[in-house]
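> This structure is in structure tokens; I'll ask about it shortly.
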Ligand code: ADE
């Protein structure tokens, strides 16, 4: 099974890249900024950098996902990264979830139901996610994506009205591109900050990034072992 991990920040991916001894394939996505690390059938693709910082957000994630699909033809895309979550839902710093649904929480388009439905997204997630979560004993949750690290009251309203639990900046954009190409996508998300903790999000995120990224490494090792031990499935 050819697996392509799409990861926004190097800090989120490097424990995992180092664990597997993956090597960078220089200029694979040139002239795009995306960067490829590879070991056999296992691939990690980073968005790359701009303004001396890792590219985050929906635009970079969409470009990376389309380039990955066109140039690598993966059987499965896995978006691994950090997220915000709610302690009122039982979330804790460093807890790792598999995303079993995804949508946007900051696209407010008035009009008929069709525009509203399109704006929320609610794209399909890989049908094997549930079985994998059961096999590994990982909790599942709905990923909601927006373009900002902070959360405005109108974001919270949409998240809560739609059963959102994990807040990120890339998931639904990646799933949107995957939906156009019928590419299976799954999410592995580790909590860096609690949106209802009362602590500033950036401060909490920065403090917990290393811990959450190590939790991602441990979860992803189990996920890969499980995936490669089962027959190839592409739905
Ligand atoms: N990534 C990590 N924490 C996040 C949050 N609170 N919102 C969006 N993306 C995040």
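> Give me the Å³ per residue figure for the convex hull around the C-alpha atoms of the stretch 1-141.
Looking at the stretch 1-141, the number lands at 160 Å³ per residue.
> So for each of 100-109, 129-138 I average, over its residues, the number of other beta carbons within 10 Å; can you give me the resulting order with the highest mean first?
Output ranking for 100-109, 129-138: 100-109, 129-138.
> Mind checking the log10 I(q)/I(0) for the stretch 71-188 at q = 0.17, 0.20, 0.22 Å⁻¹? Debye, one equal scatterer per Cα, no solvent, two decimals.
Those come out to -0.83, -1.11, -1.29, one per q.
> If you don't mind, there's one more thing I want to ask. State, to one decimal in nm², a quarter of the convex hull surface area for the C-alpha atoms of the chain, i.e. the direction-averaged projected area.
So the mean shadow area of the Cα hull is 12.4 nm².
> Would you calculate the volume per residue, in Å³, of the smallest convex hull containing every Cα atom of the stretch 48-118?
Each residue corresponds to 179 Å³ of Cα convex hull volume.
> For the stretch 109-156, with equal point scatterers placed on the C-alpha atoms only and solvent neglected, what are the log10 I(q)/I(0) values from the Debye formula at q = 0.13, 0.14, 0.26, 0.31 1/Å, to two decimals?
Here log10 of I(q) over I(0) equals -0.51, -0.57, -1.02, -1.15.
> Mind checking the angle between helix 58-72 and the chain's longest principal axis? C-alpha axes, 0 to 90 degrees, to the nearest 10.
Here the helix axis deviates by roughly 30 degrees.
> Could you please rank 52, 204, 92, placing first whichever residue has the fewest other Cβ atoms within 10 Å of its Cβ?
Placing the least packed residue first, the sequence is 52, 92, 204.
> Can you put 58, 178 in order of Cβ neighbours within 10 angstrom, beginning with the fewest?
Taking fewest neighbouring Cβ atoms as first place, the list is 58, 178.
> Still on this model: If you take every DSSP beta bridge whose two residues both sit in the stretch 3-228, what share of them, in percent to the nearest 5, is antiparallel? Intermediate values should be presented prior to the final figure.
Numbers: 16 of 43 bridges.
Bridges in the stretch 3-228 that DSSP calls antiparallel: roughly 35 percent.
> Give me the orientation-averaged projected area of the Cα convex hull of the stretch 1-82, in nm², one decimal. Intermediate values should be presented prior to the final figure.
On the way: hull surface 20.3 nm².
Reported value for the Cα convex hull: 5.1 nm².
> Treat the count of other C-beta atoms within 10 Å as a stand-in for reagent exposure and order 120, 32 from fewest to most.
So the residues, fewest neighbours to most, are 32, 120.
> Same structure again: Can you say what percent of the DSSP beta bridges in the stretch 1-134, counting only those with both residues inside, are antiparallel? Round to 5.
Taking every DSSP beta bridge with both residues in the stretch 1-134, the antiparallel ones total about 55 percent.
Values quoted throughout were computed directly from the atomic coordinates according to the rules given, and no laboratory measurement underlies them. Only a predicted model underlies this, so the values are computations on that prediction, with no experimental measurement involved. As a convention, Cβ positions derive from the backbone with ideal geometry for all residues, glycine included, and neighbour counts pool all protein chains shown.
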